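The values are calculated or read from the model by the stated rules, or taken from the named source; none is laboratory data. Bear in mind the structure is a predicted one, so any value in this text is a computation, not a measurement. We place every Cβ from the backbone using ideal geometry, glycine too, and count neighbours over all the protein chains shown. SASA here: full protein model, heavy atoms, side chains in, ligands and nucleic acids out. Shrake-Rupley method; radii C 1.70, N 1.55, O 1.52, S 1.80 Å.
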Amino acid sequence: MRNKIPCSAERLSLLDPPMIKAVADRNAFHIGNQYLSENRVRIIEADDAQISSAVIGNSGLYEQTIRLKDGHLISKCSCALPEEPMCRHCIAVLLEYHRWAQPKNGQQRRVKPSIAPPTQAYPVRAAAPVPGLASPTDLKLGEVMAFIEWLSPALKALERGQTLPDSPKLGGDLASSIQAIRNLEERRRESEEVRINLESDMRDREAYAGRLTQQVQASTEEIKAAQASSQLLQQELTACKEILAKVSEVASEVGSYDSQLKFIASEVMSKGSQLDKLAHSFGEISTALKAIAKTSDIS
C-alpha cells in the first residue's frame, strides 16, 4: 500500500504524535501506538529524509519505506490494509522514529510544522543528521544476521501453522523481537484452538438444527394428516346432520299417520259393533224363519 500526502515538515523527526494523530485514522493510530508500546517496530536505516523499517503485525512481518520529498510525505508498506492516509505500520514507524530522534538535552524545537491538506505544498530543506540513531551499542552485525536467518523459517512456520524453530540467544531489541514473534505464534495457536472449538460447536449446533428441522417436518406432516382427518370428520358430521334432519321429517310424518290410523281403527271398531248387532239380528231372523218352517211342515 502506498500513500502520498502534503507535508510542511522540514525533517521527519519533526512529525510528533499529535501531528500524526491529527491526520491518521483513529483506529489505525491506536493500533500503531500499541505496536510501538509492544516493541514491534524495527528501524533498519533512517535519516530525516527517509526511513526503512519493518513492523511485526498481527499476520506477519511487513516492510515500510517512508520519505519526505518535495513537500510530500510518501509512505509505502507491504501490507494490503486500506487505511488512509497511512496504515498502522507506517504510523508505528513514525512514532518510533520521533522517539529515537528526540534531542537528549530536552531543548524545545522552534519550528512547528504541520501535515497540510492536499491543496497545499511546501518546499523541503536538506535533511539533518539524526543524533543518537546509530550508537555502537545498538546492534551487532552477527546478532542481526542470526536474527534474520532465524526470522525466515519462523515466518514460514507461522504461515503454515507450525511450531517456531529454536531461536538464537540474542539480547536487547532482537530478543524483544523474537519474544514478540513468539507471542504472536502463541496468540495464533490460541486462536486456532478457539477456531477449532467454534467449528466443533458449530457442527453440534448444525446437527441439533438438523434434528429440529426433521422434527418440525414430521410435526408438519402430522398436522397435515390431522387437518385432513378433521375435514373428513366435518364432512361426516354434515352428512349425519342431514340424515337426522330427514329422520326428523319422517318421524313427523309417521306421527301424523299414527293419528289417522287411530281414527280409522276407531271407525272400524264402531262399524264392527254395528256389524255384530246386524249379525245378531240376522241370527234371530234366521231362528224365527226356521221355527216358522218347522211349523209349516207339521201342519
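Numerical summary
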item: Subset of the stretch 1-46 that is among the β-branched types (Val, Ile, Thr), within 28 Å of LEU174 (Cα to Cα) and assigned to a strand (DSSP E or B) - its residue that is least open to solvent (accessible area, probe 1.4 Å); result: VAL41
item: Yes/no for GLU63 being of a type in the set (Asp, Glu) and within 18 Å of SER177 (Cβ to Cβ); result: yes
item: Boolean, GLU222 is open to solvent by 80 Å² or more (accessible area, probe 1.4 Å) and at pLDDT 90 or above; result: yes
item: Qualifying positions in the stretch 47-59 - within 19 Å of LYS76 (Cβ to Cβ) and open to solvent by 50 Å² or more (accessible area, probe 1.4 Å); result: ASP47, GLN50, SER59
item: Test: residue in the stretch 101-121 that is of a type in the set (A, V, I, L, M, F, W, C) and at pLDDT 70 or above; result: yes
item: Matching entry among GLU185, GLU149 (being touching a Leu at 6+ places or on another chain (Cβ under 6 Å), at negative phi and in a helix (DSSP H, G or I)); result: GLU185
item: Qualifying residue in the stretch 75-92 (condition: within 21 Å of GLY172 (Cα to Cα) and either in a loop (DSSP other than H, G, I, E, B) or open to solvent by less than 50 Å² (accessible area, probe 1.4 Å) (or both)); result: yes
item: Criterion: within 30 Å of GLY57 (Cα to Cα) and acidic (Asp, Glu) - qualifying residue of GLU222, GLU206, GLU193; result: GLU193
item: Single residue of THR163, THR213, THR220 found to be farther than 20 Å from GLU143 by Cβ and assigned to a loop (DSSP other than H, G, I, E, B); result: THR163
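Table: residues versus (1) within 23 Å of GLU10 (Cβ to Cβ); (2) among the aromatic types (Phe, Trp, Tyr); (3) in contact with a helix residue (DSSP H, G or I) (Cβ under 7 Å, 6 or more places away or on another chain).
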site	(1), (2), (3)
ILE31	no, no, yes
SER59	no, no, no
HIS72	yes, no, no
HIS98	yes, no, yes
